[in-house]
1. Being touching a residue at least 60 places away in the same chain (Cβ under 8 Å), over 26 Å from residue 27 (Cα atoms) and within 16 Å of the chain's Cα centre (by Cα) is the requirement here; does residue 64 meet it?
2. Check 10, 39, 35, 76 and return the single one that is under 25 Å from residue 147 (Cα atoms) and either out of contact with any helix residue (DSSP H, G or I) (no Cβ under 7 Å at 6 or more places or on another chain) or surrounded by 12 or more Cβ atoms within 10 Å (Cβ to Cβ) (or both).
3. Which pairs have Cβ atoms under 8 Å, sit 6 or more apart or on different chains, and link a residue in region 154-175 that is free of Cβ contacts under 8 Å to residues at least 60 places away in the same chain to one that is in a helix (DSSP H, G or I) and more than 12 Å from the ligand (Cβ to nearest atom)?
4. Give just the number: which of (1) out of contact with any strand residue (DSSP E or B) (no Cβ under 9 Å at 6 or more places or on another chain); (2) under 14 Å from residue 44 (Cβ atoms); (3) without any contact (Cβ under 8 Å) to a residue 24 or more places away in the chain does residue 75 not satisfy?
5. Tally the residues that are under 19 Å from the mean Cα position of the chain (by Cα) and either in a loop (DSSP other than H, G, I, E, B) or on the phi > 0 side of the Ramachandran plot (or both), restricting the search to region 6-25.
Ligand code: AMP
């Protein structure tokens, strides 16, 4: 959906940082996008076009999922819900545990912010293994809503995150694939 021009500009702008935060990881730094308001606007337009008329609320994953997620929700005129790491939101919350390479993590939302039957867009900056996004989708569905779409700026295709999300029967979109 994104124009070749937008893809080219993003490829030029997103910085690849080898061996950060640990050896072997190619870290994609999206922060240079925020130095260019026109580019930021073009990204939002593209992500909004993907979701227009298809969702009733947007859930953003802490923390980089908020940077674009809120702007998407405002443009779509739908609610935005924060998915946070455990312990950051006041009670009462609904949470979901998931496995990491070492140990486990937990994410949560405030109870009652996601409504039964809503069609939800889950947004994050980047899809890697899909572990975090899969947990976010489970968190949404256990509250009686339906994950209708996933969107990301970047998908790391080698890590096969898309595969983990197949079971939700939702549309998946990433502007860039690496
Ligand atoms: P995952 O659960 O493996 O899909 O990891 C997704 C989360 O980790 C996203 O919120 C990303 O912001 C972050 N992340 C994972 N890998 C990278 C990477 N190579 N560069 C930047 N962020 C990453």
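1. No: the conditions fail for residue 64.
2. Sole residue among the options that is under 25 Å from residue 147 (Cα atoms) and either out of contact with any helix residue (DSSP H, G or I) (no Cβ under 7 Å at 6 or more places or on another chain) or surrounded by 12 or more Cβ atoms within 10 Å (Cβ to Cβ) (or both): 76.
3. 168/141
4. Of the numbered conditions (1) out of contact with any strand residue (DSSP E or B) (no Cβ under 9 Å at 6 or more places or on another chain); (2) under 14 Å from residue 44 (Cβ atoms); (3) without any contact (Cβ under 8 Å) to a residue 24 or more places away in the chain, the odd one out for residue 75 is (3).
5. So the count comes out to 1.
All of the numbers you see were taken from the coordinates with simple rules; none came from a lab. If you're wondering where the values come from, they're calculated on a predicted model, not measured in any experiment. No Cβ is skipped: glycine too gets one built from the backbone with ideal geometry, and neighbour counts run over all protein chains shown.
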